[in-house]
Amino acid sequence: MKDLKDEEVFEIVKPIWINMNDCSNRVDYFGFSKDFDDELKSKITKERFESQCKKHPILTSLVVDAEPIACIRRKEGYGIVFRQLSTTQEGEFMGNLVVNLSGKKPKVIDATIY
């Protein structure tokens with residue numbers, strides 16, 4: 001895998017994160033998961049996504065323009081940490097996106113918000 005500088009990785013993944021945030025706010029599974037690899041799609045199904053959005057208000061109140069704050073190089077890809085805010089929940093949250101950039105198109109292999 002080509003070793004990219006942090007800023008180069010942020011430039012690639014920030015639009016993916018923004019799209020995921022926007023689609024999560026609207027509970028739009030198909031938009032939310034459009035950059036997932038097949039394994040992640042099998043783990044985060046439409047039903048599971050909708051259930052999680054109902055249980056966790058953070059998932060439908062995301063400030064769309066989150067700030068990437070760290071890039072971690074992993075064997076399977078890049079781990080990007082975002083400082084995530086909510087329109088309804090107080091405080092800062094940590095978003096984590098793991099992306100494989102070795103193919104023609106970036107593929108999300110994991111995504112979480114804490």
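Just give me a number: lysine pairs in the stretch 12-83, eight or more positions apart or cross-chain, with C-alpha atoms less than 16 Å apart.
Values: LYS14/LYS34; LYS34/LYS43; LYS34/LYS46; LYS46/LYS54; LYS46/LYS55.
Qualifying lysine pairs in the stretch 12-83: 5.
Return the tail of the calculated pair distribution for the stretch 56-102, meaning the percent of Cα-Cα pairs more than 13 Å apart.
Taking all Cα-Cα pairs of the stretch 56-102, the fraction more than 13 Å apart is 57 percent.
Ratio of alpha-carbon Rg to the 2.2 N^0.38 Å globular estimate for the stretch 27-84, to two decimals, please. Don't jump to the answer; show the numbers that get you there.
Numbers: Rg = 13.2 Å, N = 58, 2.2 N^0.38 = 10.3 Å.
For the stretch 27-84, the normalised Cα radius of gyration is 1.28.
Take the Cα atoms of the stretch 1-106, build their convex hull, and give its volume per residue in Å³. Intermediate results must be reported in sequence, preceding the final value.
On the way: hull volume 10.3 nm³, N = 106.
That works out to 97 Å³ per residue.
Counting heavy atoms of the protein chains only and a 1.4 Å probe, report the per residue accessible area for the chain as a whole number of Å².
Heavy-atom accessible area per residue stands at 59 Å².
Using the crude model of +1 on Lys and Arg Cβ and -1 on Asp and Glu Cβ, and no other charge, please compute the dipole size for the chain relative to its Cα centre, in debye to 20.
Once rounded to the nearest 20, the dipole reads 380 debye.
According to a simple spin-label model (label point 7 Å from Cα along Cα-to-Cβ), what is the distance in nm between GLU8 and ILE72?
2.2
Using a 1.4 Å probe on the protein chains only, how many percent of the accessible area of the chain belongs to carbon and sulfur?
The C+S portion of the solvent-accessible surface of the chain is 52 percent.
Tell me, what HN-Hα J-couplings in whole Hz come from the Karplus equation 6.51 cos²θ - 1.76 cosθ + 1.60 at θ = phi - 60° for each residue of the stretch 8-15, using x for Gly and Pro?
5, 5, 4, 4, 6, 8, 4, x
The values are calculated or read from the model by the stated rules, or taken from the named source; none is laboratory data. Quick caveat, the model's predicted, so the values are computed rather than measured. Here Cβ is always computed from backbone atoms with ideal geometry, including for glycine, and neighbour counts include all displayed protein chains. For the accessible areas, the whole protein counts, side chains as well, though only heavy atoms, and no ligand, DNA or RNA atoms are used. Shrake-Rupley method; radii C 1.70, N 1.55, O 1.52, S 1.80 Å.
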